[in-house]
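Asks: Mind looking over this structure? Questions follow.
The values are calculated or read from the model by the stated rules, or taken from the named source; none is laboratory data. Only a predicted model underlies this, so the values are computations on that prediction, with no experimental measurement involved. We place every Cβ from the backbone using ideal geometry, glycine too, and count neighbours over all the protein chains shown. Side chains included, ligands, DNA and RNA excluded: accessible areas come from the protein's heavy atoms. Shrake-Rupley method; radii C 1.70, N 1.55, O 1.52, S 1.80 Å.
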Amino acid sequence: MVAALHAIVGDITTLDVDAIVNAANPGLTGGGGVDGAIHAAAGPELHEECLALDGCATGDAKITRGYDLPARYVIHTVGPVWHGGEHGEAELLASCYRRAIEVAAQNHLSTLAFPNVSTGVYGFPRELAPPIAVAAVRDALDHAPSIRGVIFCSYTTRDQVLYEDALLDHP
Ligand code: ADP
């Protein structure tokens with residue numbers, strides 16, 4: 001069965017899916033933006049589990065439980081900081097999406113929601129990220145048979161439109 005991909009606008013912490021993806025920092029220590037919102041909604045046990053994971057490399061992903069979130073799990077990925085685009089940023093961003101799908105599949109998860117990784121404090125251009133994200137997810141889904149649905153959860157309508165365009169371009 002082919003997984004369904006959707007672009008929505010909303011607060012990712014409210015989504016009732018198997019896992020939401022967190023745009024974390026390398027220490028997995030929590031921070032601002034979507035990371036801060038996820039930790040606030042999940043409660044302090046998430047922070048404790050994250051500290052035991054010994055960090056996460058840029059482009060990699062690690063899973064924890066979701067605690068007080070509606071989502072059962074959180075998959076923490078560390079996006080690249082934008083340094084102008086000539087430092088492997090696009091490949092590292094693609095790796096975030098690919099690794100998150102791999103981790104979800106290893107845990108036999110079915111539904112997953114992504115935020116717009118790296119496009120906040122990390123400065124990745126908002127117009128460039130959605131095509132990279134959609135292409136990486138589509139490729140990774142070929143090897144992730146348990147996954148039935150993927151949501152790209154934007155925080156603004158403008159970003160949602162960019163994801164809808166990317167989904168049309170990568171059917
Ligand atoms: P990064 O450090 O990877 O850039 P940020 O959290 O600063 O991470 O931003 C990533 C994206 O998450 C931004 O596009 C921001 O608008 C979005 N965002 C912030 N809070 C939420 C939320 N609660 N739900 C979904 N997206 C969010």
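Asks: Scan the range 103-112 and tell me whether some residue there is among the hydrophobic types (A, V, I, L, M, F, W, C), out of contact with any helix residue (DSSP H, G or I) (no Cβ under 7 Å at 6 or more places or on another chain) and within 12 Å of the ligand (Cβ to nearest atom). Explain how you work it out, then say what you get.
Replies: First pass over the range 103-112, keeping only residues among the hydrophobic types (A, V, I, L, M, F, W, C): 103-105, 109, 112.
So of that shortlist, the ones also out of contact with any helix residue (DSSP H, G or I) (no Cβ under 7 Å at 6 or more places or on another chain) come out as 103-105, 109.
Now narrow it down to the ones that are within 12 Å of the ligand (Cβ to nearest atom): none.
Taking every residue of the range 103-112 in turn, none turns out to be among the hydrophobic types (A, V, I, L, M, F, W, C), out of contact with any helix residue (DSSP H, G or I) (no Cβ under 7 Å at 6 or more places or on another chain) and within 12 Å of the ligand (Cβ to nearest atom).
Asks: Please go through the range 113-129 and give me each residue that is within 11 Å of the ligand (Cβ to nearest atom), open to solvent by 40 Å² or more (accessible area, probe 1.4 Å) and hydrophobic (A, V, I, L, M, F, W, C), ordered by number.
Replies: If the condition is that a residue be within 11 Å of the ligand (Cβ to nearest atom), open to solvent by 40 Å² or more (accessible area, probe 1.4 Å) and hydrophobic (A, V, I, L, M, F, W, C), then VAL121 is the only one that fits.
Asks: Which one of these is within 14 Å of the ligand (Cβ to nearest atom) and surrounded by 20 or more Cβ atoms within 10 Å (Cβ to Cβ): ILE8, ILE38?
Replies: Working: ILE8 fails: surrounded by 20 or more Cβ atoms within 10 Å (Cβ to Cβ).
Checking each option against the conditions leaves just ILE38.
Asks: Conditions first: (1) over 15 Å from THR119 (Cα atoms); (2) within 16 Å of the ligand (Cβ to nearest atom); (3) small (Gly, Ala, Ser); (4) surrounded by fewer than 22 Cβ atoms within 10 Å (Cβ to Cβ). ALA61 passes all but one, so which condition is the exception?
Replies: (4)
Asks: Oh, and also: Find all pairs meeting these conditions: Cβ atoms under 6 angstrom apart; at least six residues apart or on different chains; first residue within the range 31-51 and within 18 Å of SER154 (Cβ to Cβ); second residue part of a helix (DSSP H, G or I) and more than 9 Å from the ligand (Cβ to nearest atom).
Replies: Pairs found: none.
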